[in-house]
1. Being modelled with pLDDT under 95 and not in a loop (DSSP other than H, G, I, E, B): is that true of ALA91 here?
2. Hey, does segment 28-48 have a residue that's modelled with pLDDT of 50 or more and touching an Asp or Glu at 6+ places or on another chain (Cβ under 8 Å)?
3. Under 7 Å by Cβ, and 6 or more places apart or on different chains, what pairs join a residue from segment 151-175 that is farther than 16 Å from ALA52 by Cα and free of Cβ contacts under 8 Å to residues at least 40 places away in the same chain with one that is open to solvent by less than 40 Å² (accessible area, probe 1.4 Å) and of a type in the set (A, V, I, L, M)?
4. Of LYS149, LYS164, LYS76, LYS83, which residue is touching a His at 6+ places or on another chain (Cβ under 6 Å), open to solvent by 40 Å² or more (accessible area, probe 1.4 Å) and not in a strand (DSSP E or B)?
5. Whether any residue in segment 108-129 is at positive phi and either part of a helix (DSSP H, G or I) or at pLDDT 95 or above (or both) is what I want to check.
6. Please go through segment 167-187 and pick out each residue that is more than 20 Å from THR82 (Cα to Cα), among the polar types (S, T, N, Q) and in a helix (DSSP H, G or I).
7. I'd like the residue in segment 56-73 that is over 17 Å from the mean Cα position of the chain (by Cα) and of a type in the set (S, T, N, Q) and, out of all such residues, is most open to solvent (accessible area, probe 1.4 Å).
8. Looking at segment 94-107 only, could you name the residues that are part of a loop (DSSP other than H, G, I, E, B) and modelled with pLDDT of 95 or more?
Amino acid sequence: MNTILRKSILGIAGLTVAGGLAAGPLNHDTSAPVRDTAVTTTQAAAKLDSAALIPHGVQGTQSHIDLDDEQTANVKAIIAATKKAGMDERAAVVSIATALQESKLENLGHLGDRNDHDSQGLFQQRPSSGWGTVEQITDPEYSTTAFLKGLKQVDGWRDMPLTKAAQTVQVSAYPDHYAQWEQQAADLVAEHWNS
């Protein structure tokens, strides 16, 4: 092959390789780390500020129970109803802590002699007190919405300790018992709010 032709071919090949190398990094950012779904989900949960979830700190000794699939589904239903009502993560914490105290997040029907009057559902709401029909208060979305409607009517609920906000809505014989569930409720909201 003649020398001029050979130098031309090698020059064109060199430009093609150099151009490819130059264009490659411009079209592909190698500095951005590859993220898997678990990391993204964890980071989304981490974005929920613990100060927003527990603005007053937890009060007293905290309780914890392991949840089964039904209870976890009820947590998700409470969070979905809270979002639908246009309320924030703190409202979900108050709601979940209340349901943990009232029913351990189990959608309870009438318990016969063990029933507290006619209390039923996640929040142990009473048809005779105007919370709704049995069918309504044993529907997780309805019962959560009813609880949140009551919470919205409590002036300054966001500035109150959880147990006071919950008690103002529920009017329980044991007003201080809600506080023991605040940490688990906050953990559940952090885990499920963005899922």
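The values are calculated or read from the model by the stated rules, or taken from the named source; none is laboratory data. Everything numeric here is computed off the predicted structure, so don't read it as measured data. When we count neighbours, we look across all protein chains shown, and the Cβ atoms used for this are built from the backbone with ideal geometry, even at glycine. Surface areas here come from the heavy atoms of the whole protein model, side chains and all, with no ligands, DNA or RNA. Shrake-Rupley method; radii C 1.70, N 1.55, O 1.52, S 1.80 Å.
1. On the way: modelled with pLDDT under 95: no; not in a loop (DSSP other than H, G, I, E, B): yes.
Judged against the criteria, ALA91 is not a match.
2. Taking segment 28-48 first, the residues modelled with pLDDT of 50 or more are 47-48.
Now narrow it down to the ones that are touching an Asp or Glu at 6+ places or on another chain (Cβ under 8 Å): 48.
Within segment 28-48, one or more residues are modelled with pLDDT of 50 or more and touching an Asp or Glu at 6+ places or on another chain (Cβ under 8 Å).
3. So the pair list comes out as VAL154/ALA165; VAL154/VAL169; THR168/VAL154.
4. Answer to the check: LYS76.
5. We begin by selecting, within segment 108-129, every residue at positive phi; these are 112, 117, 121, 124.
Next, only the ones that are either part of a helix (DSSP H, G or I) or at pLDDT 95 or above (or both) stay: 112.
Taking every residue of segment 108-129 in turn, at least one turns out to be at positive phi and either part of a helix (DSSP H, G or I) or at pLDDT 95 or above (or both).
6. If the condition is that a residue be more than 20 Å from THR82 (Cα to Cα), among the polar types (S, T, N, Q) and in a helix (DSSP H, G or I), then GLN180 is the only one that fits.
7. Here the answer is THR61.
8. Our first condition is that a residue be part of a loop (DSSP other than H, G, I, E, B); within segment 94-107, this holds for 104-107.
Those that are part of a loop (DSSP other than H, G, I, E, B) and modelled with pLDDT of 95 or more: LYS104, LEU105.
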